[in-house]
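Just so you know, all these numbers are worked out from the coordinates, no wet-lab data involved. Remember, it's a predicted structure, so these values are computed and weren't measured experimentally. Quick reminder, even Gly has a Cβ in these numbers, built from the backbone with ideal geometry, and neighbours come from all protein chains shown.
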Amino acid sequence: MALSWIPVPFLFHFFDYNQYISMRSSASPVIVLCVAIIIVGGLSTQANWKTFFLMNGIAAVLTLCLASLAIPNDLHWFKPVTRNVAMVFTAIVYTLGQLVVHFLVRGVITLVKRG
């Protein structure tokens, strides 16, 4: 669960925005986000729900704090929403992705134990 403390949504937007500023294009922030969802979601199978949502909530608040310090609210980049809405949306998608992976891994574990 220690990996849940990493503010992945912030890192995603930080690297993506910096690539936008430097006029470079890469899919690496999306790939890193997907890999983080798979790893953290898979490792969260032993955590209870209260801990899972508490850790993701703390990471979302940390994401907002770091974003306000490190990423300008560039309305040309964060169209049609603001920076904070984009951060919250990404944090929700990140948490939901972890839940999907969590349930898939739990299902596989249950099938392996039965068989």
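Okay, residues lined up against (1) assigned to a helix (DSSP H, G or I); (2) closer than 24 Å to F15 by Cβ; (3) of a type in the set (G, A, S); (4) in contact with a Gly (Cβ under 8 Å, 6 or more places away or on another chain):
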residue	(1), (2), (3), (4)
L54	yes, no, no, no
V61	yes, yes, no, no
A67	yes, yes, yes, no
P80	no, yes, no, no
A86	yes, yes, yes, no
T90	yes, yes, no, no
H102	yes, no, no, yes
V105	yes, no, no, yes
V112	yes, no, no, no
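Among residues of region 82-101 that are closer than 16 Å to I31 by Cβ, those with a Cβ under 8 angstrom from a residue that is surrounded by fewer than 17 Cβ atoms within 10 Å (Cβ to Cβ) and of a type outside the set (S, T, N, Q), sequence gap 6+ or separate chain, pair up as G97/C34; V101/I38; V101/G42. Would you mind stating whether T45 is assigned to a helix (DSSP H, G or I), touching a Gly at 6+ places or on another chain (Cβ under 9 Å) and hydroxyl-bearing (S, T, Y)? For T45, the condition - assigned to a helix (DSSP H, G or I), touching a Gly at 6+ places or on another chain (Cβ under 9 Å) and hydroxyl-bearing (S, T, Y) - is not met. Listed by first and then second residue, the pairs linking a residue in region 52-67 that is over 18 Å from L96 (Cα atoms) and free of Cβ contacts under 8 Å to residues at least 12 places away in the same chain to a residue that is of a type in the set (K, R) and part of a helix (DSSP H, G or I), with Cβ atoms under 7 Å apart and 6 or more places separating them unless they lie on different chains, form an empty list. Between S68, S22, S26, S44, the distinction of being of a type in the set (S, T, N, Q) and surrounded by 19 or more Cβ atoms within 10 Å (Cβ to Cβ) belongs to S44 only. Close Cβ contacts (under 9 Å, 6 or more residues apart or on different chains) running from residues in region 13-31 that are at negative phi and in contact (Cβ under 8 Å) with a residue 60 or more places away in the chain to residues that are of a type in the set (D, E) and surrounded by 11 or more Cβ atoms within 10 Å (Cβ to Cβ) comprise Y17/D74.
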